[in-house]
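The values are calculated or read from the model by the stated rules, or taken from the named source; none is laboratory data. On a predicted model such as this, the values are computed, not experimentally measured, just so you know. Virtual Cβ from ideal backbone geometry, glycine too; neighbours counted across all protein chains shown.
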Amino acid sequence: MTDTQRETMEYDVVIVGAGPAGLSAAIRLKQLDADLEVVVLEKGSEVGAHILSGAVLDPCGLDALIPDWKEKGAPLNVPVKDDNFYLLGEEGKVRVPNWPMPPLMNNHGNYIVSMGNVCRWMAEQAEELGVEIFPGMACSEIVWGENGEVKGVVAGEFGIAPDGTKGDGYEPGMELHGKYVFLGEGVRGSLSKQVIAKYELDKESEPQKYGLGMKEIWEIDPEKHREGSVTHTMGWPLNKNAGGGSFIYHLENNQVYVGFVVHLNYENPYLYPYMEFQRFKHHPLVAELLEGGKRLAYGARAISEGGYQSMPKMVAPGVALLGCSVGMVNVPRIKGNHNAMLSGKAAAEAAHAALRDGRSADELSDYETEVRGGAIGDDLKKVRNVKPLWSKYGLNASLALGGFDMWTNSLFGASVLGTIKHGKSDAEATGKAEKFKPIDYPKPDGKLSFDRLTNVSFAMTNHEESQPAHLKLKDPKVQVDVDYREFAGPSQRYCPAGVYEFVDTDSDPKFVINFQNCVHCKTCDIKDPAQNIVWTTPQGGDGPNYPNM
Ligand SMILES: Cc1cc2nc3c(=O)[nH]c(=O)nc-3n(C[C@H](O)[C@H](O)[C@H](O)COP(=O)(O)OP(=O)(O)OC[C@H]3O[C@@H](n4cnc5c(N)ncnc54)[C@H](O)[C@@H]3O)c2cc1C
């Protein structure tokens with residue numbers, strides 16, 4: 001639709017994504033100069049609607065950004081009181097004591113929060129400072145300037161018909177131009193991917209690695225609820241089939257976040273991450289906790305896991321990538337929100353200094369220097385070998401070697417192992433079906449475990465049906481020829497929302513995309529073995545509607 005005429009709006013800084021990274025950048029810009037024109041665009045129907053991070057928050061990011069967050073009523077109400085780590089077998093468990101863990105793994109001083117609610121509160125702080133926030137505005141295209149720089153984004157295009165033409169009530173959206181554009185889209189951002197490709201920002205970094213995180217909120221028996229309790233597990237049911245583990249966080253109101261992460265570098269195409277999660281809840285440790293309780297919500301989102309060595313270059317002319325658009329999760333801590341906030345703050349400070357000096361549309365290299373050499377780099381460097389050790393040597397070796405490596409990094413600031421490479425991308429890691437056996441998963445019982453489509457209804461996801469599928473295929477034939485025939489159709493299993501299915505498999509297999517179910521986790525874009533599925537933004541306001549995930 002290149003012939004489309006659009007109105008334009010001019011800003012100092014245009015920010016894509018109202019996550020912790022984008023909102024921190026907006027707040028910091030206005031703290032530094034109340035006269036700056038700053039806009040935040042968010043594809044969710046409201047701020048927080050697409051935020052899935054039932055989280056233990058390290059408050060260091062918020063401390064740096066809004067030191068008086070307590071007085072200002074930030075929703076950090078549940079300090080972590082106890083911290084447990086178990087290795088699970090099918091029936092039993094072994095508690096790993098806290099004392100051999102490096103201090104960075106300690107959760108005391110952290111808070112169990114709904115990041116959706118934290119983002120809602122941050123948006124209020126930003127609006128009070130004069131930031132314009134537009135939810136329901138998906139940014140679907142980059143606007144490139146004459147010299148190839150990022151000049152802005154297109155947001156708010158509505159009413160494209162399923163055949164790609166302009167339907168009744170078509171609205172072209174707007175071009176929002178900025179002297180700088182910040183992409184705070186989170187993991188596997190669709191615009192960030194284009195910018196990374198155009199400027200080859202990842203040519204010197206390792207491939208980004210990912211996990212798929214799935215989460216339910218439960219209301220449980222008050223007798224069993226222990227507000228402030230944090231539990232992590234590894235081992236069963238994934239065992240050697242994949243890396244990953246679980247988290248169980250007791251928040252307020254007798255509610256518990258129960259989550260499960262599967263590393264997406266698994267080889268067996270028959271692995272079904274969603275069913276691993278459901279099976280996990282039948283372990284006695286979890287079943288006893290949840291029995292008699294009620295599942296209130298479900299959601300899923302990919303999580304970046306490549307860490308320090310996978311961070312691409314994060315600036316190009318006119319644009320800076322923030323937070324998990326770069327990949328700033330500390331994997332052993334399963335924490336990225338604090339770094340997302342710190343990155344937003346650092347990008348804002350670099351842009352403010354540049355604007356003050358009359359610059360625009362160039363590279364904010366001071367931002368990159370701060371990320372790599374400051375608090376974020378320090379946090380990520382210490383743990384950089386944990387994920388590749390796990391991928392190469394499995395859980396037990398990675399616990400021992402990874403633990404040792406984190407200790408040496410923490411004590412001496414260096415590692416005898418150097419920096420271990422990740423190697424393959426997660427898509428390349430998938431093995432051909434002929435080398436593997438199907439995995440038999442127990443049927444969900446409807447009490448502790450649920451079938452996928454029932455659970456998706458608890459993500460309250462919604463997509464206007466009269467639009468083209470936002471999940472695009474580079475070549476439609478490839479899904480049957482490669483995904484189905486060579487890999488036994490892993491798309492049917494890796495998607496935690498049941499978007500993909502193959503029908504007529506006895507005669508002439510066809511690939512069906514139920515895009516209405518999509519929860520915007522981005523797993524398909526990451527794991528499809530042929531890299532034939534491309535996640536693009538549907539129209540604004542579509543997608544999940546997470547209440548307080
Ligand atoms: C299951 C799970 C558990 C986690 N647990 C923790 C934890 O306990 N503690 C912790 O610190 N971290 C945790 N993390 C990691 C944490 O969620 C991320 O590090 C953090 O969300 C990154 O923040 P961000 O602002 O970069 O991106 P996000 O939080 O993903 O925010 C991006 C925002 O941008 C919007 N957006 C994206 N693309 C567009 C577009 N094109 N147009 C308009 N809007 C767009 C999205 O809708 C979203 O609102 C967890 C992650 C997962 C998946």
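Are any of the residues in segment 328-339 surrounded by fewer than 20 Cβ atoms within 10 Å (Cβ to Cβ), in contact (Cβ under 8 Å) with a residue 40 or more places away in the chain, part of a helix (DSSP H, G or I) and not hydrophobic (A, V, I, L, M, F, W, C)?
No, there is no match, as no residue in segment 328-339 is surrounded by fewer than 20 Cβ atoms within 10 Å (Cβ to Cβ), in contact (Cβ under 8 Å) with a residue 40 or more places away in the chain, part of a helix (DSSP H, G or I) and not hydrophobic (A, V, I, L, M, F, W, C).
Just to verify a result, which residue in segment 51-65, among those that are more than 6 Å from the ligand (Cβ to nearest atom) and either within 15 Å of the chain's Cα centre (by Cα) or without any contact (Cβ under 8 Å) to a residue 12 or more places away in the chain (or both), is nearest to I376 (Cα to Cα)?
Taking segment 51-65 first, the residues more than 6 Å from the ligand (Cβ to nearest atom) are 54, 58-65.
Then keep just the ones that are either within 15 Å of the chain's Cα centre (by Cα) or without any contact (Cβ under 8 Å) to a residue 12 or more places away in the chain (or both); that gives 54, 63.
Numbers: G54: 21, D63: 14 Å.
The qualifying residue nearest to I376 (Cα to Cα) is D63.
Just give me the residues in segment 452-474 being part of a loop (DSSP other than H, G, I, E, B) and either in contact with a strand residue (DSSP E or B) (Cβ under 9 Å, 6 or more places away or on another chain) or under 23 Å from F487 (Cβ atoms) (or both), in sequence order.
We begin by selecting, within segment 452-474, every residue part of a loop (DSSP other than H, G, I, E, B); these are 460-461, 463-470, 474.
Within segment 452-474, M460, T461, H463, E464, S466, Q467, P468, A469, H470, K474 meet the criteria.
Please list, ordered by residue number, the strands (runs of 3 or more DSSP E) wholly in segment 114-227 having 1 or more residues that are over 18 Å from the mean Cα position of the chain (by Cα) and near the ligand (Cβ under 10 Å from one of its atoms). First the steps, then the outcome.
Values: elements: 132-135, 139-144, 150-155, 158-160, 166-171, 174-183, 210-219.
Counting at least 1 such residues, we get 132-135, 139-144, 150-155.
Can you tell me which of (1) more than 12 Å from the ligand (Cβ to nearest atom); (2) of a type outside the set (D, E); (3) touching a Gly at 6+ places or on another chain (Cβ under 7 Å) is the one S325 doesn't meet?
(1)
Please work out if E171 is without any contact (Cβ under 8 Å) to a residue 24 or more places away in the chain and surrounded by fewer than 23 Cβ atoms within 10 Å (Cβ to Cβ). Reasoning before the result, please.
Numbers: without any contact (Cβ under 8 Å) to a residue 24 or more places away in the chain: yes; surrounded by fewer than 23 Cβ atoms within 10 Å (Cβ to Cβ): yes.
So E171 passes the test.
If we keep just the residues of segment 34-50 that are buried (at least 16 other Cβ atoms within 10 Å of the Cβ) and away from the ligand (no atom under 14 Å from the Cβ), which is farthest from I133 (Cα to Cα)? Reasoning before the result, please.
Step one: filter segment 34-50 for residues buried (at least 16 other Cβ atoms within 10 Å of the Cβ), giving 36-50.
Applying the additional criterion that residues be away from the ligand (no atom under 14 Å from the Cβ) yields 36-38.
Details: L36: 14, E37: 11, V38: 9 Å.
Looking at the filtered set, the residue picked out is L36.
Every residue, every condition in (1) within 8 Å of the ligand (Cβ to nearest atom); (2) within 26 Å of G48 (Cβ to Cβ); (3) modelled with pLDDT of 95 or more, yes or no:
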residue: L285; (1), (2), (3): no, no, yes
residue: R295; (1), (2), (3): no, yes, yes
residue: S304; (1), (2), (3): yes, yes, yes
residue: V319; (1), (2), (3): no, yes, yes
residue: P332; (1), (2), (3): no, no, no
residue: H338; (1), (2), (3): yes, yes, yes
residue: A346; (1), (2), (3): no, yes, yes
residue: R356; (1), (2), (3): no, no, yes
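Give the residues of segment 382-394 that are crowded, with 18+ Cβ neighbours inside 10 Å and either in contact with a Lys or Arg (Cβ under 8 Å, 6 or more places away or on another chain) or part of a helix (DSSP H, G or I) (or both), sorted by residue number.
Start the filter on segment 382-394 by keeping residues that are crowded, with 18+ Cβ neighbours inside 10 Å, which leaves 382-391.
Correct list: V383, V386, K387, P388, L389, W390, S391.
Applying the selection to segment 514-524, what residues are crowded, with 20+ Cβ neighbours inside 10 Å and either closer than 20 Å to D475 by Cα or without any contact (Cβ under 8 Å) to a residue 12 or more places away in the chain (or both)?
Residues satisfying the conditions are K522, T523, C524.
Could you say which residue among K81, K151, K93 is closer than 23 Å to Y257 by Cα, touching a Gly at 6+ places or on another chain (Cβ under 7 Å) and among the basic types (K, R)?
On the way: K151 fails: closer than 23 Å to Y257 by Cα; K93 fails: touching a Gly at 6+ places or on another chain (Cβ under 7 Å).
The match here is K81.
From S466, S398, S449, which residue is buried (at least 20 other Cβ atoms within 10 Å of the Cβ), more than 23 Å from the chain's Cα centre (by Cα), modelled with pLDDT of 85 or more and not charged (D, E, K, R)?
Working: S466 fails: buried (at least 20 other Cβ atoms within 10 Å of the Cβ); S398 fails: modelled with pLDDT of 85 or more.
Among S466, S398, S449, only S449 is buried (at least 20 other Cβ atoms within 10 Å of the Cβ), more than 23 Å from the chain's Cα centre (by Cα), modelled with pLDDT of 85 or more and not charged (D, E, K, R).
Let's see how each residue does on (1) aromatic (F, W, Y); (2) touching an Asp or Glu at 6+ places or on another chain (Cβ under 9 Å):
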{"residue": "T8", "(1), (2)": "no, yes"}
{"residue": "G19", "(1), (2)": "no, yes"}
{"residue": "R28", "(1), (2)": "no, yes"}
{"residue": "E42", "(1), (2)": "no, no"}
{"residue": "A49", "(1), (2)": "no, yes"}
{"residue": "W69", "(1), (2)": "yes, yes"}
{"residue": "V80", "(1), (2)": "no, no"}
{"residue": "V94", "(1), (2)": "no, no"}
{"residue": "N98", "(1), (2)": "no, yes"}
